[in-house]
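Student: Submitted below is the structure of interest, expressed as C-alpha cells.
What follows is calculated from the coordinates using simple rules that are stated; it is not laboratory data. On a predicted model such as this, the values are computed, not experimentally measured, just so you know. With ideal geometry, Cβ positions are generated from the backbone for all residues, glycine too; neighbour counts draw on all protein chains shown.
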Amino acid sequence: MMVTIKDVAKLAQVSPSTVSRVISDSKQISDETKKRVRIAMEELGYYPNLIARSLITKSSQTLGLIMSRSTETAFSSPFFSEVIRGISKAVQNRQYSLLLATAENYKEEAKQCMKMIKEKRVDGVILLASRVEDDLIAQLSLDEYPFVVVGRAPSGTGIYSVNNDNIQAAYNVVRHLLNLGHREIAFLNGPQDYIFCHDRYEGYAMAFREFGLEIIQEYVIETDLQQENGYFYTKELLALTKPPTAVFTIDDMMALGAYRAIKENQLKIPDDIAVVGFNNDHFSSLVSPPLTTVRIPIYEMGINAAEMMMDLLGGKRVIPPQRILSSELIIRDSCGGKTINYC
C-alpha cells in the first residue's frame, strides 16, 4: 500500500500541511517538529507521491517548465537556454511535448504553475531553481503533484531534483584564489532567497574559514544576475579605498560586466585584478583574457530532470531522488599565477 503525506502526518502527530512545510524546509516549523516528521518519513519509506494524480486523469503527454524570469531574460541567459535545450531533447526522445511558462516574479510563477495544473494541460512540472523557503514546492508536495526541481531542493526532503554541488564548486574557486595569494576577494552573488546563490556563498565562506580569514563584508554584493550589474558593482568595488584584488561572480554574464568596468578603469586582468566566473558559457574561452570559470553540465542537468520526470510518470521507481552531477574548475588566464605577498 502506497504511503501518503497523511500517513506521515498521522505518525508524526502533525497536520498534512505541516509535513508539506517540513518538506520545503520552512523556518516557521521548529527543529524538533522537523526532526519528528523526517523520522516518520524515513520510518514509513515516504517519498512524495508524484504519480497518483496522473493515474486518475488522462495523460496529456506534456511536461510543464516553470521559471520566474521574463522570456527576454530567460533566453538571454546561456544557462537557461542550455538547460531548456537538454529538457527539450529528452522530451522529444520520449514523444512528449513541453509547455513553457515564464513569469516576472515568484508570485506570477506560482500562479502560472497552478493554472497549468488546474487546466490539466501538463502531466508533471519541472521547476528551474528553488528558493530557501519555497511555497510553490510546499503546495505541490501537499497536493502530491508530480514535479522535479533543477537545482537543490530544500534540505531533508524526498523531493526529486537534479543539481550540481554549488558549495563545493564555489569553495574550489575561492581556495584557488587564496592559494594564489589573494585575500581581498569580492563576490558578486545573486539573491539569497535562491538556494544556489545561498550555496555558492556558503562555499565562498567555507574557503575563508579554512584559511582562518575573515570575510570583508563590503566585498560581498547581492544583486540580480545581469551583465549590467556586474559592470555597475565592479565599478563600485574599484572605487573603494582598498579595492579587491580578485572578483568572483555568480555567473559568466556578470563577469563580462566586471571585465568592462575593469578595463574602463585602465586596469589589466589578471595583473591588477583577477576575475572568475561560473557556468563556463560559450563565450568564456573567447574573451580576452580567457575567463577562469566553473563548468557545470547544464545540458545534462536538463536531460536528467526531464528523464526523471517521465520515469516517475511511467511508474518507475527513481533512486536516489536527488541526483548530483559533477562540476569542474576551468583555470584560464583571468586569474594568472602571480603570487600576492602579504606581511
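Student: So how far apart, in nm, are the two label points at Gln322 and Glu210 if each is 7 Å from Cα heading toward Cβ?
Tutor: In this crude spin-label approximation the distance works out to 2.0 nm.
Student: Taking 8 Å as the Cα distance limit and 6 or more residues as the minimum spacing, I'd like the relative contact order of segment 193-337 as a percentage. Show your work: numbers first, answer last.
Tutor: On the way: 182 pairs, mean separation 28.1, N = 145.
That works out to 19 percent.
Student: Using only the Cα atoms of segment 92-140, construct the convex hull and provide its projected area averaged over every direction, in square nanometres to one decimal. If you can, show how the numbers build up before the last one.
Tutor: On the way: hull surface 15.7 nm².
The Cα convex hull of segment 92-140, projected and averaged over all directions, gives 3.9 nm².
Student: Just grab the label-to-label distance for Asn179 and Arg85, each label 7 Å out from Cα along the Cβ direction, in nm (one decimal).
Tutor: Each label point is offset 7 Å from its Cα along the Cβ direction, giving 3.0 nm.
Student: If you don't mind, there's one more thing I want to ask. With contacts defined as alpha carbon pairs under 8 Å and 6 or more residues apart, what's the relative contact order of the chain in percent?
Tutor: Numbers: 672 pairs, mean separation 65.2, N = 343.
After rounding, I find 19 percent.
Student: Another question, if that's okay. May I ask for the Rg/Rh ratio of the chain, computed from Cα atoms with Rh as the Kirkwood radius, given to two decimals?
Tutor: Working: Rg = 21.5 Å, Rh = 21.2 Å.
Rg/Rh: 1.01.
Student: Could you list Leu98, Leu240 so that the one with the fewest beta carbons within 10 Å of its beta carbon is first and the one with the most is last? Don't skip to the answer; put the middle values down first.
Tutor: Values: Leu98 17, Leu240 13.
Taking fewest neighbouring Cβ atoms as first place, the list is Leu240, Leu98.
Student: Over segment 210-296, calculate the relative contact order: mean separation of alpha carbon pairs under 8 Å at least 6 apart, over the residue count, as a percent.
Tutor: On the way: 120 pairs, mean separation 21.7, N = 87.
So the answer I get is 25 percent.
Student: A follow-up question, please. How far is helix 106-118 tilted, in degrees, relative to the longest principal axis of the Cα atoms in the chain, given as a value from 0 to 90 rounded to the nearest 10?
Tutor: Tilt relative to the chain: about 30 degrees.
Student: Select from segment 162-204 those trypsin sites (Lys or Arg not before Pro) which occupy a DSSP coil region and have at most 16 other Cβ atoms within 10 Å, ordered by residue number.
Tutor: Numbers: sites: Arg175, Arg183, Arg200; in loops: Arg183.
Hits after loop and neighbour filter: Arg183.
Student: Given the Cα-Cα distance of Glu222 and Met2 and 0.36 nm per residue of separation, how much length would full extension add, in nm?
Tutor: Values: separation 220, 0.36 × 220 = 79.20 nm, distance 4.35 nm.
The span from Glu222 to Met2 would gain 74.9 nm if fully extended.
Student: Show me the chymotrypsin sites (Phe, Trp or Tyr not before Pro) within segment 172-232 that DSSP assigns to loop and that have at most 15 other Cβ atoms within 10 Å of their Cβ. Walk me through the intermediate numbers first.
Tutor: Values: sites: Phe187, Tyr194, Phe196, Tyr201, Tyr204, Phe208, Phe211, Tyr219, Tyr231, Phe232; in loops: Phe211.
For chymotrypsin sites (Phe, Trp or Tyr not before Pro) across segment 172-232 that sit outside H, G, I, E and B with at most 15 neighbouring Cβ atoms in 10 Å, the list reads Phe211.
Student: Ok, one more. Calculate, for Leu286 and Gln13, the FRET efficiency according to 1/(1 + (r/R0)^6) with r their C-beta to C-beta distance and R0 56 Å; round to the nearest 0.05. Mind showing how you got there, number by number?
Tutor: Working: r = 59 Å, r/R0 = 1.05.
That pair, Leu286 with Gln13, gives E of 0.40.
Student: What list of ³J(HN,Hα) values in whole Hz, one per residue of segment 232-248 in order, does the Karplus curve 6.51 cos²θ - 1.76 cosθ + 1.60 (θ = phi - 60°) give from phi, with Gly and Pro shown as x?
Tutor: 4, 6, 5, 4, 5, 5, 5, 7, 5, 4, 10, x, x, 9, 8, 10, 10
Student: Suppose only helical runs count, i.e. DSSP H with n ≥ 4. What mean residue ellipticity at 222 nm does that imply for the chain under -39500 (n - 2.57) per run, divided by all residues and rounded to the nearest 500 deg cm²/dmol? Let's see the in-between values first.
Tutor: Working: 13 runs with 149 residues, N = 343.
Here the helix-only value at 222 nm equals -13500 deg cm²/dmol.
Student: Say R0 is 41 Å: what FRET efficiency, to the nearest 0.05, do Asn93 and Glu42 get from their beta-carbon distance?
Tutor: Working: r = 35 Å, r/R0 = 0.84.
The pair Asn93/Glu42 has a calculated efficiency of 0.75.
Student: Using a simple charge model, +1 on the beta-carbon of Lys and Arg, -1 on the beta-carbon of Asp and Glu, nothing else, what dipole does the chain show about its Cα centre, in debye to the nearest 20? Kindly include the intermediate steps, with their values, before the conclusion.
Tutor: Details: 37 positive and 41 negative charges, 179 e Å.
In debye, rounded to 20, the chain gives about 860.
Student: Please give the helix 166-179 orientation as an angle from the longest Cα principal axis of the chain, in degrees from 0 to 90, rounded to the nearest 10.
Tutor: The angle comes out at about 10 degrees.
Student: According to a simple spin-label model (label point 7 Å from Cα along Cα-to-Cβ), what is the distance in nm between Lys263 and Glu133?
Tutor: Result for the modelled spin labels: 4.4 nm.
Student: On a 31 Å Cα-Cα criterion, which of the cross-link pairs Lys89/Lys111; Lys89/Lys268; Lys89/Lys263; Lys107/Lys268 come out too long?
Tutor: Where the Cα-Cα span goes over 31 Å, the pairs concerned are Lys89/Lys268; Lys89/Lys263; Lys107/Lys268.
Student: Ok, one more. Where does helix 298-313 land angle-wise versus the long Cα axis of the chain, in degrees 0 to 90, nearest 10?
Tutor: Orientation of helix 298-313: about 10 degrees from the principal axis.
Student: Please list, ordered by chain and number, the residues whose modelled amide H lies under 5 Å from the amide H of Val220; skip anything fewer than 5 residues away on the same chain.
Tutor: Distant-sequence amide H within range of Val220: Phe187.
Student: Please state the charge dipole magnitude for segment 128-193, taken about the Cα centre, from unit charges on C-beta atoms (+1 on K and R, -1 on D and E), reported in debye and rounded to the nearest 20. Before the final figure, lay out the partial values.
Tutor: Numbers: 4 positive and 8 negative charges, 94 e Å.
Magnitude of the dipole: close to 460 debye.
Student: Among DSSP beta bridges lying fully in the chain, give the percent that are antiparallel, nearest 5.
Tutor: Details: 4 of 36 bridges.
Around 10 percent of the beta bridges assigned by DSSP in the chain are antiparallel ones.
Student: Collect residues whose amide H, placed 1.01 Å from N in the peptide plane, falls under 5 Å from the amide H of Glu184; neighbours closer than 5 in sequence don't count.
Tutor: Thr245
Student: Rounded, prolate or oblate: which fits segment 166-296, taking a ≥ b ≥ c as square roots of the Cα gyration tensor eigenvalues, rounded meaning a/c under 1.5, else prolate when a/b beats b/c? List each step's numbers first, then the result.
Tutor: Numbers: a/c = 1.32, a/b = 1.15, b/c = 1.15.
Rounded shape, in that the Cα axes give a/c under 1.5.
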